[in-house]
Amino acid sequence: MVSPKSMNVVFRCDASLVIGSGHVMRCLTLADALREKGCTCQFVCRNHPSNLSALIQEKGYRVTLLPLQEFQVEPYPHHASWVGADWQTDAKETGALIATLETPPDWLVVDHYGLDARWETNLRTAVGRIFVIDDLADRPHDCDLLLDQNLVAGSDQRYDTLVSENCTKLLGPMYALLQPEYAELRAQTKPRKRPVKHIFVYFGGADSDNLTGKTIQALIKINKKDVIINIVASAAGTFQDENKRLIMARANYVMHENLPSLAPLISSSDICIGAGGSTSWERCCLGLPSIVITLADNQIPVAEELDKRKLIWWLGHKDKVTVDQIGICIEEKIKSIEISDYSRRGYQLVEGTGSDAICDRIVRGS
């Protein structure tokens, strides 16, 4: 086993207005946990608009930006266009960068819907082991370790035909990559109960359909002046100026931009309305009952399962939900006696120690 003091880890992940910020953010969470154990981490990203390279550097990691390429998008994988180059070019450029390192990486961590087993096999000889983070189970992988932190119907069998028998699979929210603040705040955060005094609104780093704006409009119609509305959005978001104008002069509305962590706001809120995705596990860990509007197709199976298990209220998909429906749902749920039950079930699902468990696996080499 390689000592963590000398272990090198390279991350290949991207962020953009289309991709969102979630892949980079969870990789940063893992990198922080690995750094605590003495590992050296660096990032390879493509130079998409809103790529979060500045944030990666602020956190003390080297990041190399690969140039965007003009390329013929293949029909497979479904998210091939998200790479910003064809997979062969991306593998070649990533491999060339790895070749410049003093020692080959012990681990290559890949968190990208547009890359699959072909890319991973191409990098095999350049690295020690490969760790894939996935949510979709829609393509094969050539990896030693795979994480899917989601909860969907048939979770245990999703990857049986997509990875080799030698691949270790870490499946379910117990392995959710959460910042350490979540485990710390969990012990201090109590199950929610009525009356609702703080509402949390967050639809991710992209929100290209402006569900944030629709939710603000719905809340304005409800007109709960005794309730604090905390809204989190990206300062670079397309609709940010428009949404700021909506809440102008409304004393109980607070707009937060580019927060380092959502944990304090999640902990202090009584109910949330937001997207699916990785934030679902942050909310569950701190017991925050949530109304969810799915923004991407891959969020739907997770939302269906969480709604079925009475862990969230799934209102519907982004193109099926109106301002009036959002308002009616919020009014109904903030009065609901179920708030405490939903809060407790969330606590039971996610403990917030997934990052430590994954780090132990990486350091052990399994």
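The values are calculated or read from the model by the stated rules, or taken from the named source; none is laboratory data. This structure is a prediction, so every number in the text was calculated from the model and none was measured. No Cβ is skipped: glycine too gets one built from the backbone with ideal geometry, and neighbour counts run over all protein chains shown. To get the accessible areas, we keep the full protein, side chains included, count just its heavy atoms, and leave off ligands, DNA and RNA. Shrake-Rupley method; radii C 1.70, N 1.55, O 1.52, S 1.80 Å.
Structural remarks
- Highest GNM mean-square fluctuation among His78, His317, His198, for the chain modelled with Cα contacts below 10 Å: His78.
- Protection proxy ranking, peptides 177-185, 269-277, 241-249, average beta carbon neighbours within 10 Å, highest first: 269-277, 177-185, 241-249
- Computed FRET value (nearest 0.05) for Arg245 with Leu65, which takes r as the C-beta separation and R₀ as 35 Å: 0.55
- Using a probe of 1.4 angstrom and keeping all protein chains present, the accessible surface of the chain works out to 44 square angstrom per residue.
- Protection proxy ranking, highest mean first, for peptides 140-146, 335-341: 140-146, 335-341, where packing is the per-residue count of other beta-carbon atoms within 10 Å, averaged.
- Choice from Arg35, Arg250, Arg283 showing the highest fluctuation, given a GNM over the chain with Cα pairs closer than 10 Å: Arg250
- Matching label, volume of the Cα convex hull per residue in Å³ computed from the structure shown, candidates (i) 318; (ii) 130; (iii) 230: (ii)
- Computed E for Ser208/Glu332 - FRET, C-beta separation, R0 41 angstrom, nearest 0.05: 0.90
- Other residues lying with their Cβ under 12 Å from the Cβ of Asp324 contribute a combined charge of +1, Lys and Arg counting +1, Asp and Glu -1.
- Whole-percent carbon and sulfur share, accessible surface of the chain, 1.4 Å: 50
- Cα shape, region 288-365, gyration tensor, a/c 1.5 rule: oblate
- Near His256, the amide H atoms lying under 5 Å from its own belong to Ile231, Val232, Ala233; only residues 5 or more places off or on other chains count, and H is placed 1.01 Å from N.
- Taking label positions 7 Å along the Cα-Cβ direction at both Lys224 and Ala54, the computed distance is 3.4 nm, reported to one decimal.
- Separation of alpha-carbon centers, region 232-264 and region 6-45, rounded to whole Å: 26
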